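One structure is given here, and the rest of the page talks about it.
The values are calculated or read from the model by the stated rules, or taken from the named source; none is laboratory data. Computed from a prediction, not measured in an experiment: that's the story for all the values here. Ideal geometry is used to build each Cβ from the backbone, glycine not excepted, and the neighbour counts take in all protein chains shown. In case anyone asks, the SASA skips ligands and DNA or RNA and just uses the protein heavy atoms, side chains included. Shrake-Rupley method; radii C 1.70, N 1.55, O 1.52, S 1.80 Å.
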Amino acid sequence: MPIRAAYGATAVLVGVTSALGNSFVGVNLPFIQGRLGLSPVQGAWLTAAYAMTNISGNLLFLRFRQQFGIRLFAACGLVLYAAVTLLNVVWDDYEGALVARALSGFATVPLSTLTIFYMLQAAGQRHAMGGLIVGLSIAQGATPLAYLVSPELTFSEEPHVLYLFESGLALCALAAIALLQLPESPKVKIFAKGDVLTYALLCPALALIVAVLSQGRLQWWPDHPWLAVALCASVLLLAATFFYEEARPAPLIFHDLLYSRSTMMFMLGAFGLRFVLSEQTYAASGLLMLLGAGQDQLQGLYAVILVSLAAGAGVAALTFTPPRAAVLAMVALGLVAAGAFIDADATNLVRPHEFLGSQALLGFANGLFFGPLLIFGVLNALKSGYQRLVTFVVLFLVSQTLGGLAGSAILGTFQQHREQVYSAQINAGVDPTDPIVAQRLQLQSRQFAGVLTDRSLQQAEGVQQLRQSATREANVRAYNDVFTLIGVLALVLLAWIALQAGLAALKPKEPGGAAAPAAGGVS
């Protein structure tokens, strides 16, 4: 038990290290933009650079692990991660931050899989499925943890404290995996010359999709033709990749798994659930920050989210069985819908403590939904051999990255559109001749009487204040529409899963067999 506990603690350390650095950047992006003097568009490229190299690195990791082993890749990745974060202390400008984010995305690639392997060792063969669920869930706690830790770090007088913290965490993880090693797995010479062309086609395709999703909302979709060009180029590159891979005798990704119905359902479910869970990472936090809530005021909220996420993962690990998969998935989506509809009644007076209940529901759902997703892919992968599990982990991570980016992009676009509609409606109803509006303008103007003696300037400032109030009210209403949309989408996804579960229940069982194999430990 002490050894298993050590493996479990190492899994937690490595899992947090794999995602906390990127979460730090996302949570503290306004702080980083202000310190480096960046625009929102430049700031968005920091998170995009990480996602681009992280997705591409996952594709490379498929081959590297089988030929050289995961320990070598993980050790090299952690050394590189610690080095680039320290480099960011010396090379402290926008270009240095971009390079550091891109290299960090590649360096942290093996850590997610390493987390799962360590947790499988901690769980043992008997509880391997529970260990797999917990291992997949650890990285989900990085964003709440970043909100909890960031205020103390950003309030420090040391401007590079975030980078130093990242580097120290990477070195601690490196020490842990050096002291407590995984059993060696068989190695085979698997890299082929044809892989070079696959990487050359697929990596730019995924990078272009990430660029479009991260920049489209900020630069606005119709205003910049390069967004359409990039999207078209990514489609062509993906098509070329799939045609080329189909003809290869030893493809990078197993075709029978990639094109199977169970894999498609796995990817769609993973993407859809990550999309609706953007309610927590984009909508709720966005509304609270719009209303002036600082990171220190959000610590209590994200502590509740972290605890509820851990509780959801624990329940999934303890209760997950193949027959219960659809039930757990529908419960998770029901919780997302309930939380979204609760939040849809927000006003400009709402404060973080009023989101505790709804965000606890979403945090619990976030921890709960990983287990039900496994039935659509991982169990089938284990039937075909242990190597297929890595393919599904990579597909899962890609779906989560793109689902999160798509959620922020699409929901952000919808929120901006609704804000413009509500602003037009509110401003159209503001008539200066209306006694109530005139009284409000007079009250707004009096606020500047102590600093402005010119009455015309006072009135102009009063009008500006009223416009800002109208814009804030329009934004609050727009966020309420976002909450409502997420709730509806969650119910649609719930109905789709219920339909699939019903159809599966009506199918006759195959003779001899439907029992799912037990997942073994890491070997």
>> Condition first: crowded, with 18+ Cβ neighbours inside 10 Å and either within 27 Å of Gln416 (Cα to Cα) or basic (Lys, Arg) (or both). Can you find one or more residues in segment 230-250 that meet it?
In response: yes
> In segment 205-212, is there at least one residue being in a helix (DSSP H, G or I) and either of a type in the set (Ser, Thr, Tyr) or open to solvent by 40 Å² or more (accessible area, probe 1.4 Å) (or both)?
Replying inline: yes
> If Leu36 satisfies every condition in (1) within 13 Å of Thr108 (Cα to Cα); (2) modelled with pLDDT under 85 but one, which is the exception?
Replying inline: (1)
> When you look at Tyr479, is it open to solvent by less than 30 Å² (accessible area, probe 1.4 Å), of a type in the set (Phe, Trp, Tyr) and at pLDDT 85 or above, yes or no?
Replying inline: yes
> Within segment 31-48, restricting attention to residues that are in contact with a Pro (Cβ under 9 Å, 6 or more places away or on another chain) and without any contact (Cβ under 8 Å) to a residue 24 or more places away in the chain, which residue is least open to solvent (accessible area, probe 1.4 Å)?
Replying inline: Gly43
> Ser104 fails exactly one of the following numbered conditions: (1) in a helix (DSSP H, G or I); (2) surrounded by fewer than 24 Cβ atoms within 10 Å (Cβ to Cβ). What is the number of that condition?
Replying inline: (2)
> Checking Leu87 against (1) without any contact (Cβ under 8 Å) to a residue 24 or more places away in the chain; (2) under 17 Å from Gly105 (Cα atoms); (3) open to solvent by less than 40 Å² (accessible area, probe 1.4 Å); (4) not β-branched (Val, Ile, Thr), which single condition isn't satisfied?
Replying inline: (3)
> From the residues in segment 90-100 that are open to solvent by less than 20 Å² (accessible area, probe 1.4 Å) and out of contact with any Ser or Thr (no Cβ under 9 Å at 6 or more places or on another chain), which one is nearest to Ile32 (Cα to Cα)?
Replying inline: Ala97
>> So for segment 196-205 (the condition being touching a residue at least 40 places away in the same chain (Cβ under 8 Å) and within 30 Å of Thr484 (Cα to Cα)), does at least one residue qualify?
In response: no
>> I'd like the residue in segment 49-78 that is modelled with pLDDT under 80 and either under 15 Å from Leu405 (Cα atoms) or of a type in the set (Phe, Trp, Tyr) (or both) and, out of all such residues, is most open to solvent (accessible area, probe 1.4 Å).
In response: Phe68
>> Tell me yes or no: at least one residue of segment 14-25 is open to solvent by 20 Å² or more (accessible area, probe 1.4 Å), farther than 22 Å from Leu132 by Cβ, hydroxyl-bearing (Ser, Thr, Tyr) and under 22 Å from the mean Cα position of the chain (by Cα).
In response: no
> Is there a residue in segment 131-146 that is over 20 Å from Gln400 (Cα atoms), open to solvent by less than 20 Å² (accessible area, probe 1.4 Å), of a type outside the set (A, V, I, L, M, F, W, C) and out of contact with any strand residue (DSSP E or B) (no Cβ under 8 Å at 6 or more places or on another chain)?
Replying inline: no
>> Given the options Ala122, Ala146, Ala170, Ala176, name the one that is within 21 Å of Gln295 (Cβ to Cβ) and either in contact with a Lys or Arg (Cβ under 8 Å, 6 or more places away or on another chain) or modelled with pLDDT of 85 or more (or both).
In response: Ala146
> Before we move on, is Ala19 under 21 Å from Tyr147 (Cβ atoms) and touching a residue at least 24 places away in the same chain (Cβ under 8 Å)?
Replying inline: yes
>> From the list Gln359, Gln420, Gln425, exactly one residue is modelled with pLDDT of 65 or more and open to solvent by less than 20 Å² (accessible area, probe 1.4 Å). Which is it?
In response: Gln359
